[in-house]
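Structure record follows, encoded as structure tokens.
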Amino acid sequence: MAIYVIDDHPLMREAIVMLLRRVRPGTELIELSQLSELEPAIAKGSAPELFCLDLKLPDTLGLSGVRLVCNQFPDVPLAVISATPASDMEEWCREAGADVYIEKSAGAAEIVNALRLMLQGDSEMGGLEDITRLSKRQKQLLIMLDEGLSNREIAERLGISEHTVKVHLWRLFRRLGVKSRTQTLHYARMNGLLGS
């Protein structure tokens, strides 16, 4: 398994790789400068475990790259790491299939936290028989989603960054097999996860 970092800016690509080495020492990290290099790299390399994708590449721009990766590899998590403010593109990227949106302006600690959470093994994500056994953090998130709190409000209440909240939500969505806050709350109500 390998992590593919796709960014045309060498310094940024190297920085992301350096952070990933901290998060997952010994993992194969494959650096690419454009999206057209992805398929040949996977064909002669390792299966992807995670994609870290910049939105602006020489051979693609914006959501087209996100859609391409998500269509070709629907089961592989995708983190968009972009200089574009989240307020401008995050929602569009999520709708196109990205799992997490991380601003390049975030501090190293925030980026490391978000990537670490994405790479945590699926040990806490069991099969259907224990899908209702949520972690303490996931139960907290459900309650706060039910209260209608925004990511920023959740981050403030929990004393964590918004990026970390987004990754926790992504893991909760994966755990429940849903794609949005609305679907999460519907699932939680239908399965008694919001009861005492």
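Side notes on the structure shown:
- Electrostatic bookkeeping for PHE73 treats Lys and Arg as +1 and Asp and Glu as -1; over the other residues with beta carbon under 14 Å from its beta carbon, the sum is -3.
- Of LEU149, ALA83, ALA96, farthest towards positive along the dipole that unit charges on Lys, Arg, Asp, Glu beta carbons give the chain: LEU149
- Helix 10-23 and the longest principal axis of the C-alpha atoms of the chain enclose an angle of approximately 50°.
- The chain: angle of helix 181-190 to the longest principal axis, Cα-based, in degrees nearest 10: 40
- Per-residue ellipticity at 222 nm from helix content only, as computed over the chain with -39500 (n - 2.57) for each DSSP H run of at least four residues, stands at -15000 deg cm²/dmol.
- Note on GLN72 and LEU158: their simple-model spin labels are 3.2 nm apart, each label 7 Å out from Cα toward Cβ.
- Shape of the stretch 58-106, Cα gyration tensor, a/c cut at 1.5: prolate
- Shape call, the stretch 1-119: gyration tensor on alpha carbons, a/c limit 1.5: rounded
- Axis of helix 136-146 versus longest Cα principal axis of the chain: the two differ by about 80°, to the nearest ten degrees.
- Listed by Cβ neighbour count within 10 Å, with the fewest neighbours leading, GLU103, GLU49 appear as GLU49, GLU103.
- Ordering of 19-27, 89-97, 162-170 by burial proxy (mean other Cβ atoms within 10 Å per residue, highest first): 162-170, 89-97, 19-27
- Cα-projected label distance for ALA83 with THR182, points at 7 Å along beta-carbon direction, nm: 3.5
- Look at MET190, MET12, MET18 and count the other Cβ atoms within 10 Å of each Cβ; fewest to most, that gives MET190, MET18, MET12.
- Using the Cβ of THR182 as centre and a radius below 15 Å, the other residues enclosed give a net charge of 0, where K and R count +1 and D and E count -1.
- For the stretch 140-184: rounded, prolate or oblate by the Cα gyration tensor [a/c cutoff 1.5]: oblate
Any read-out appearing in this document is the output of simple, stated calculations on the displayed coordinates, not a laboratory observation. All values derive from a computational prediction rather than experimental measurement. Cβ: placed from backbone, ideal geometry, glycine included. Neighbour counts: every protein chain shown.
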